[in-house]
Each structure stands twice: as structure tokens, then as C-alpha cells.
């Protein structure tokens, strides 16, 4: 019995332990197959490729915990960042990166407010609403902002695009870790703190677990939902600016269509697609797992077209595991209730 408790603790509430073991197994296996994999070059490449998905996954985590599904976040991310770059280039102004992030965050907050208001006020399905606003936001960006590809960024962004916090030469080439990895780390810590220590975080779990119950318990459901999507817009805009900066170019077509990878990472990280459950630690591991798998498949020569198939399979497996777990939990609850009913009936007979 003690062994079972120990295993459950190691497994984690959202299967973080299991996910970590899978991640370590893949890393060890790939290192044995290809020694180049277990190097600083590969580690830094994985962290760099995970920077933008990590920030986007944090925004998706908030929505899924609250019981919703958002597919508009990639468009919100690129629309906020691309609009900011377009404004700066059109006006010929160069501002500090803090101002760049602030402008993008304001745009992202407005787009998120649209999502949140429609969903919270009219009680419409989150998937349908965000699927619709995804098209609206993207079409509005192409129509009113433009569809031009900018190969050159404003000076401040261009300067930041070449900054690394670590940069050295190894036997396998140059290994460098981009400074914007720190942005992903800071965002991760902030979201973790919000979910763990604030009333807003508790409200998200309560709403996702039982909407009506949260309302009866006194949680401000409508306000929390609106604020959630505003926050999602702000976080997504940070990811958009990071993506354009690290890409060293602004393309309005970027990020769009990449929502499958992000949602899959969050679900694999233990966030329940039914709401009310999820953790930042699991999301981080889910993002890293998908990035490592993608990198591993490329190293062994698997065509890039199959990467999407692999992510799709992982998403189905993740949702399937959650469905089976939910079904077993419901069966255990019913079994306990049956036993209690039987005990009560026996006492009455006695």
C-alpha cells in the first residue's frame, strides 16, 4: 500500500512524473542512437524552438483549465505582433523593446476582450466563438493592416534578434541560447504563481470543474471569463513579438494553423479537456516532449510531413487517457454511492 502511495506521488496529480519519465526515455534512446543528440547544440536548439510554443501553451492552459477551448490564439499572437511592427515601420519610429511589447499587449488584450465578452455574456461554445473570431481577426489584419512580408525589423527588434545569453563553440558546431528564452521562463513563473496563489487562479479551476457550482459559490464567473481571454490575448501577443524577433522578419502568415501542436502539448501535460485540471509543470513537460519528438524524428530522417501526424496521434492518446480516467473515476464514485446506499438500507432494516 505504501508503494502505491509513493508511486502516485511520483506520478503527480497531472501525470507530470510519467511525462518526465517518457521525456527522459526518449532523450536517452536518441542519445544512444545518435550521439549528436546529447549535446549542448541540440539542447539549445530544443529550448529555442520551444520558446514561442511554451508562451502560447501557457495561454491555452488558462482557457482549458476554465473549461474552454481556444483556437484563435495563433492569430491573436501574429496579428498583435505584426500590427505593431507595421505601425513602427510605417511611422519610421524606433522604440525600446518594452514599448514594443506594450503596444502588442494592448492589441492582444483588445482581441482577447472580444473573445471573452462574446463567450461570457452570451454563454456560447468557446470552440465555435474562437473559430469564428480566428477568421475575423485574420481577415481584418490582412485587409486593414496588410499582408506584406517585412524582411527587416525596426532597429531595436533587429538588435535583440542576435542577442544570446550563452554562445560558445563545441565539437559539433556553435551552440547558442537566445535571450528570449528568459521571456518564456518569466512567463512560466508568473502563470504558475497566478494559478497557485491568487483567487483568480482558484476561480479558473472552480469554473472549469463546475460552472454552475462556481456561480453559486460566489465566484464572479463572467468577469473571470472575460479577464481570462484578455490575459490570453496579452500572453499570446508576447509570443508573437518573440516569434517575429527570433525569426528576424515579419510574416503575417506565420503561426496560423499551429494550434494543434500547442493544444496537444497542454493536453499531454495533464490538462483536462473537460476543464478544472491542469498544471504549469505538466504543460512545460508537454511542450518539451513535442519539441524533442519533432527534433528526434528529423534526426532519424523521418519526413517533416509526418511530424503533424505524430502530434495528432499524441493528442488522440492524451484525450483518450483522460476519457478512460474520467470514466473509471465515475465508476468508482457510483460504486461507493451504491455501497453507502446499501449500508443505509441495511441499517433501516435492522
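The values are calculated or read from the model by the stated rules, or taken from the named source; none is laboratory data. Being a predicted model, the structure only gives us computed values, none of them experimental. Don't worry about glycine lacking a Cβ; one is built from the backbone with ideal geometry, like all the others, and counts go over all protein chains shown.
Below is a table of values for the structure above.
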{"item": "Any hit, the stretch 187-196, residues being free of Cβ contacts under 8 Å to residues at least 40 places away in the same chain, surrounded by fewer than 22 Cβ atoms within 10 Å (Cβ to Cβ), within 29 Å of residue 86 (Cβ to Cβ) and out of contact with any helix residue (DSSP H, G or I) (no Cβ under 7 Å at 6 or more places or on another chain)", "result": "yes"}
{"item": "Flag if residue 193 is more than 22 Å from residue 292 (Cβ to Cβ), touching a strand residue (DSSP E or B) at 6+ places or on another chain (Cβ under 6 Å) and modelled with pLDDT of 90 or more", "result": "no"}
{"item": "Test: residue in the stretch 167-175 that is touching a residue at least 12 places away in the same chain (Cβ under 8 Å), part of a helix (DSSP H, G or I) and either in contact with a helix residue (DSSP H, G or I) (Cβ under 6 Å, 6 or more places away or on another chain) or closer than 29 Å to residue 48 by Cα (or both)", "result": "no"}
{"item": "Residue in the stretch 23-37 that is buried (at least 16 other Cβ atoms within 10 Å of the Cβ) and either free of Cβ contacts under 8 Å to residues at least 24 places away in the same chain or under 29 Å from residue 232 (Cβ atoms) (or both) present", "result": "yes"}
{"item": "Criterion: in contact (Cβ under 8 Å) with a residue 40 or more places away in the chain, touching a helix residue (DSSP H, G or I) at 6+ places or on another chain (Cβ under 8 Å), in a helix (DSSP H, G or I) and more than 30 Å from residue 122 (Cβ to Cβ) - qualifying residue of 224, 156", "result": "156"}
{"item": "From 58, 131, residue being closer than 28 Å to residue 272 by Cα, modelled with pLDDT of 95 or more and within 20 Å of the chain's Cα centre (by Cα)", "result": "58"}
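Here's the yes/no breakdown for (1) crowded, with 24+ Cβ neighbours inside 10 Å; (2) closer than 15 Å to residue 107 by Cβ:
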| residue | (1), (2) |
| --- | --- |
| 42 | no, no |
| 46 | no, no |
| 54 | yes, no |
| 58 | yes, no |
| 66 | yes, no |
| 78 | yes, yes |
| 88 | no, yes |
| 94 | no, no |
